[in-house]
Amino acid sequence: MLQIAVVDDSGVIPIPNATVIVQWTDADRARRPVRQEVGPAGDLVLCAPRDARQATVWAEFGDASSQEAVVGIVPEATSEVELRLLVASATTGRLIGNVRDARTERPVVAATVSVLGGTATETNRRGSFVLSGVPVGVHELAVRHLGYAPLSHVVSVSRGITTEVDIGMVPDPVEMEPIVATATRPRRLEVGGFYERKYWGELVGGGTFFTAADIERRGAVLISQMIADEPGIRLGNCRLRRSSCMLVNTRVASEFSPDGCPLSFYLDNTLVRGLGGRDGQTIDDLVRPHEIAGVEIYRNAASLPGEFGGSDSQCGIVAIWTK
């Protein structure tokens, strides 16, 4: 087990309702990170999967974030972890990204990634890296790996925000320009765990995800039409008026709906009731495509993250996040 305590920078004051993120590593298969709030005393106890041998743990509270802690998992033993937050004045951000071969698109493993004059880390077997606690401001990011031309790139780190970096390294002695793309994540999606669910959902096939860029690229007029274009989902139960139409999952049977099982909707992490029906609204009445920052679609209970589970999710859910 992991026994986690979240406290302030002094290590004295517990921080209730802080969010702890646990990434199980060195497991036999990819696992979705655990994202859970601590209790009123700032503590949390988690059971490790049987095949996990290591965990990377950190805490977030508003704009504040702790340093990452790497903990070895010992069978039949409890590991204690203390995570300290800079609650009063968060002055750091986080860099997260991927390093790949610019020609083959394959991940570059064990590349050294560092901020000039600051911390350093190595990419994992998927070419991913995380640099936490990077001071706010403009920094020079250096990436090195034997057999590749060294790369330096200027990145801007924002207070309490994760900046994504996608790096394409050029093998020596090929003459071509390095490829670097950066993007700052929307705060609402970052805090809500959207990007973690998107990463793991796409990795293990557990959901469909759209960002604001995806919605703009498709030129969606109504978000319901874009969702209905997905396999296994369509607009059904339309009676006399368009407002009676509901988005239904045709892959799940429902005794109440012969045309399909009505999807449940979350808007900014709040369950929306009363959609569809004779006098109900549709999701299009509540939000327009240009107002949306992200969409998550889960078609079955097996793919549902814990935060969206419950009796209302048996037909699948759509989670919509506004900008």
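The values are calculated or read from the model by the stated rules, or taken from the named source; none is laboratory data. It should be emphasised that the depicted structure is a prediction, and the values quoted were computed from it without experimental measurement. Please note: Cβ atoms are built from the backbone with ideal geometry, for glycine as well, and neighbour counts cover all protein chains shown. Ligands, DNA and RNA are stripped out before the accessible areas are found, and what is left, the full protein with its side chains, is counted by its heavy atoms. Shrake-Rupley method; radii C 1.70, N 1.55, O 1.52, S 1.80 Å.
Sorted by accessible area with a 1.4 angstrom probe, largest first, how do Trp200, Trp58 fall?
Sorted descending by solvent-accessible area, the residues read Trp58, Trp200.
List the residues whose amide H sits under 5 Å from the amide H of Ile233, counting only those 5 or more places along or on another chain, with H placed 1.01 Å from N in the peptide plane.
Amide H neighbours of Ile233: Thr250.
Using only Cα positions of segment 46-86, each an equal point scatterer, no hydration layer, compute I(q)/I(0) via Debye at q = 0.23, 0.31 Å⁻¹ and quote the log10 values to two decimals.
One equal scatterer on each Cα of segment 46-86 leads to -0.78, -1.09.
Can you give the calculated 222 nm mean residue ellipticity of the chain, where each DSSP H run of n ≥ 4 adds -39,500 (n - 2.57) and the sum is split over every residue, rounded to the nearest 500 deg cm²/dmol?
-2500 deg cm²/dmol
Of all accessible surface on the chain at a 1.4 Å probe, what whole percent is carbon and sulfur?
It is 51 percent, rounded to a whole number.
How far, in nm, would the chain grow between Glu105 and Arg144 when pulled straight, counting 0.36 nm per residue and subtracting the alpha carbon separation?
12.4 nm
Compute the accessible area per residue over segment 1-133, keeping the other protein chains in place, probe 1.4 Å, unit Å².
I get 52 Å² per residue for segment 1-133.
Under the 0.36 nm per residue contour assumption, what length would be gained going from the current alpha-carbon distance of Thr112 and Thr91 to full extension?
Stretched out fully, the Thr112 to Thr91 stretch lengthens by 5.1 nm.
On a 0 to 90° scale, report how tilted helix 194-204 is relative to the longest principal axis of the chain, with both axes built from alpha carbons and the result rounded to the nearest 10.
It works out to around 90 degrees.
Kindly state, to the nearest 0.05, the FRET efficiency for Thr182 paired with Cys47, given R0 = 41 Å and r defined as their beta-carbon distance.
Step by step, r from the Cβ atoms, then E = 0.65.
Testing the spin-label approximation: label points 7 Å from Cα along Cα→Cβ at Val70 and Thr322. State their distance in nm.
According to this spin-label approximation, the distance is 4.2 nm.
Sort 129-136, 291-298 by packing, meaning the average of other beta carbons within 10 Å per residue, with the highest value first.
291-298, 129-136
Quick one: work out Rg over Rh on the C-alpha atoms of the chain, Rh as Kirkwood radius.
Radius of gyration relative to Kirkwood radius: 1.01.
Simple spin-label model, 7 Å along Cα-to-Cβ: Ser152 to Arg288 in nm?
4.7
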